[in-house]
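Working notes, beginning with the structure itself.
Each value in this text was obtained by applying a stated rule to the coordinates, not by laboratory testing. All values derive from a computational prediction rather than experimental measurement. All Cβ positions, even for glycine, are placed from backbone atoms using ideal geometry, and neighbour counts span all protein chains on display.
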Amino acid sequence: MELNVLVLGGDGIGPEVTREAVRVLRHVAEKWHHRVRLTEGLLGGIAIQKTGTPFPEETARLAAEADATLLGAVGLAEFDQAPPEKRPEKGLLGIRQALGVYANLRPVRAYPSQLDASPLKNHLVEGTDMIIVRELTGGIYYGTPRGITGEGAETRAVNTMTYTRPEIERVSRVAFPLARARRKKVTSVDKSNVLENSQLWRRVVTEVAREFPDVALDHMLVDNCAMQLILNPRRFDIVLTENMFGDILSDEGAVLAGSIGMLPSASLGARRPSGAWTGLYEPVHGSAPDIAGQNKANPLGAIGSVAAMLAYSFSLQEEAAAVETAIEAVLRSGRVTADLRPSGAPATTEQVGESVCAAIG
Ligand code: NAD
C-alpha cells in the first residue's frame, strides 16, 4: 500500500516529536512492505516567518492531495501579542477547517507502568481508558460575529457559539459506533442549564442515541465533568462534547495519563468509499517553548498519533496495534523522557523513537 502523508512539524518541539513519529511510520512501512511518500509543509509560526501567513495556500494544497496529515504543534512566543489572524494558532484552525475534520478523538489511558507519573493516587487513575470525542469545526472558536470594538469604557468583545443540528448529528454518529466497539457507554457533556446552544446539543445527541439502542447514554454538565474526570475517571468510556469544552477537558487527560506528552489525537472528516477517513493526526500538547530544541520532549503522543493514522486513514489495524503494543513495551522498560519521571536517567526524544522501532521489531 502507498502511504501518502503530509508532515507539518510546526513550531517548538513540534519538529522534534514529528521526526520520531516519522521514524516509526517508516519503520512500520518497511516491516509490512508499504511505500511511504512524504511531503513536508509549513504551518503556524514558522509559516508566518517564511510566508507571512500561518496557513499558506501551498499547505492547504498539499493537505488536500495527501491521504493523511501528521502535525507536530504550533505556537511561538514572539507572536503572543499579534492579532488572532496573525497568530500561529490560526493555522491550526485553518487546516482543521480546510480538511473538514469535525471529530477530534483524544484517547486517554492510564498505562499500568506509568501510574506513579500521575499526581493523582494510583487507585483513582488505575484502569482509566476513555476517548474524548470533541467537535472540532464548530462552536465558539469559529462562530461569527466576533471581534473587539469600541474604545475605553465602551470597549466590547464578542464571540458567538453556534451549532446546527447536522453538526451535532455527524459528530454523534462518530461517537456512538466507537462506544459500540468498547464498553458501550457515551457521556455527553454540555452546559444545558445555562446555554441554549447546549440545550440543542443535548436534544440532538439524545435523538441520535436512539439509532444505537445497545449503547447507554448519560448527560453531564461540563463543570461536574471537570470534577468527575479527576474523582472517578474510570466511569467514562466515550466522552462526547463540543469544541471548547473538549479542548479544556481533554487537558485533564494529561493528569490521568501522567504527562501531556503521552496523549495522541486523530481528527476525522469525510469517509472514503473504502471506509478510510480523511484525517489530521497530532499530539494534544503544544509547542512547549520551555523545552524546545533540547531533545527532551516526549514523542509518544506523536507516535500514538501515527498508530491512529494507520488505523483510521489506512485501515491497517495490525500495524496500528503493533505501534501501540511497542509504546506499552517502551513504557514498561522505564527508558522514558523526563516528564514521566523515570527512576534512572531520562531518555532523549530520539532514544524513545528508536526504542519504539526496536520494540516493533
Ligand atoms: P504546551 O502543551 O506546549 O506545554 C505545557 C507544559 O507541558 C509545558 O511545561 C511543556 O514543557 C510540557 N509539555 C508539553 N508537551 C510535552 C512533551 N511532548 N513532552 C514533555 N513535556 C511536554 O502548552 P502551553 O505551554 O500552554 O503552550 C505553548 C504554546 O503552544 C502556545 O503558543 C500555545 O498557543 C501552543 N499550543 C499549541 C497547541 C497545538 O499545536 N495543538 C496546543 C496547545 C498549545
Given unit charges at Cβ for Lys, Arg (+) and Asp, Glu (-), the dipole magnitude of the chain about its Cα centre in debye, nearest 20, is 740
Among Val205, Ile303, Gly286, flag the residue with its Cα farthest along the positive direction of the charge dipole of the chain, charges on Cβ as +1 for Lys/Arg and -1 for Asp/Glu.
Val205
Summing -39500 (n - 2.57) over the DSSP H runs of n ≥ 4 in the chain and dividing by its residue number, what mean residue ellipticity at 222 nm do you reach, to the nearest 500 deg cm²/dmol?
-13000 deg cm²/dmol
Residue among Thr144, Thr59, Thr325 with the largest mean-square fluctuation in a Gaussian network model of the chain, springs linking Cα atoms under 10 Å
Thr144
Just need the relative contact order of the chain here, percent rounded to a whole number, with Cα pairs under 8 Å and 6+ apart.
21
Which of Asp251, Asp67, Asp218 ends up with the largest GNM mean-square fluctuation for the chain, with Cα atoms connected below 10 Å?
Asp218
Among the chymotrypsin sites (Phe, Trp or Tyr not before Pro) in region 48-156, which ones are in a DSSP loop with at most 16 other Cβ atoms within 10 Å of the Cβ? Mind listing them?
none
Work out from phi, with θ = phi - 60° and the Karplus expression 6.51 cos²θ - 1.76 cosθ + 1.60, the ³J(HN,Hα) of each residue of region 86-100, listed in order in whole Hz, and give x for Gly and Pro.
10, 9, x, 4, 5, x, 5, 5, x, 6, 4, 5, 4, 7, x
Residues with beta-carbon under 11 Å from that of Leu76, excluding Leu76: net charge, scoring Lys, Arg +1 and Asp, Glu -1?
-3
Hey, can you grab everything whose amide H is under 5 Å from the amide H of Gly9? Only 5+ residues off in sequence or another chain; H modelled, so Pro and N-termini drop out.
Gly41, Gly72
Longest segment of the chain lacking GluC sites (Glu not before Pro) that sit in a DSSP loop with at most 15 other Cβ atoms within 10 Å
212-361
Residues whose modelled amide H sits under 5 Å from the amide H of Leu3, counting only those 5 or more places away in sequence or on another chain, are Arg35, Val36, Arg37
With θ taken as phi - 60° and the coefficients 6.51, -1.76 and 1.60, list the Karplus ³J(HN,Hα) couplings across region 203-219 in order, rounded to whole Hz; mark glycine and proline as x.
4, 5, 4, 4, 5, 5, 4, 5, 6, 10, x, 7, 10, 7, 10, 10, 10
Could you tally the net charge around Thr18, taking each other residue with its Cβ under 12 Å from the Cβ of Thr18, Lys/Arg +1 and Asp/Glu -1?
-3
So if each residue of separation counts as 0.36 nm, and I subtract the Cα-Cα distance between Asn193 and Gln81, what length gain in nm does that give?
36.8 nm
Which net charge results for the neighbourhood of Asn4, defined as the other residues with beta-carbon distances under 11 angstrom from its beta-carbon, given Lys and Arg at +1 and Asp and Glu at -1?
-1
Test of the criteria: in region 263-361, which trypsin sites (Lys or Arg not before Pro) are in a DSSP loop and have at most 14 other Cβ atoms within 10 angstrom of their Cβ?
none
Between Gly143 and residues 5 or more places away or on another chain, the pairs with built amide H atoms under 5 Å apart involve Thr160, Thr162
If every Lys and Arg gets +1 and every Asp and Glu gets -1 at its Cβ, then about the Cα centre region 212-311 yields a dipole, in debye to the nearest 20, of 380
If the label point sits 7 Å along Cα→Cβ of Ser274, residues of region 304-341 with amide N under 13 Å come out as 310-317
Full extension between Val36 and Thr149 adds, at 0.36 nm per residue less the Cα distance, a length in nm of 35.8 nm
Karplus 3J(HN,Hα) series, Hz, for region 159-176 with 6.51 cos²θ - 1.76 cosθ + 1.60 (x for Gly, Pro)
10, 10, 9, 10, 9, 10, 3, x, 5, 6, 4, 5, 6, 5, 6, 8, 5, 5
Dipole size in debye (nearest 20) for region 119-257 around its Cα centre, Lys and Arg Cβ +1, Asp and Glu Cβ -1?
480
So which trypsin sites (Lys or Arg not before Pro) in region 55-151 are both in a DSSP loop and have at most 12 other Cβ atoms within 10 Å of their Cβ?
Lys121
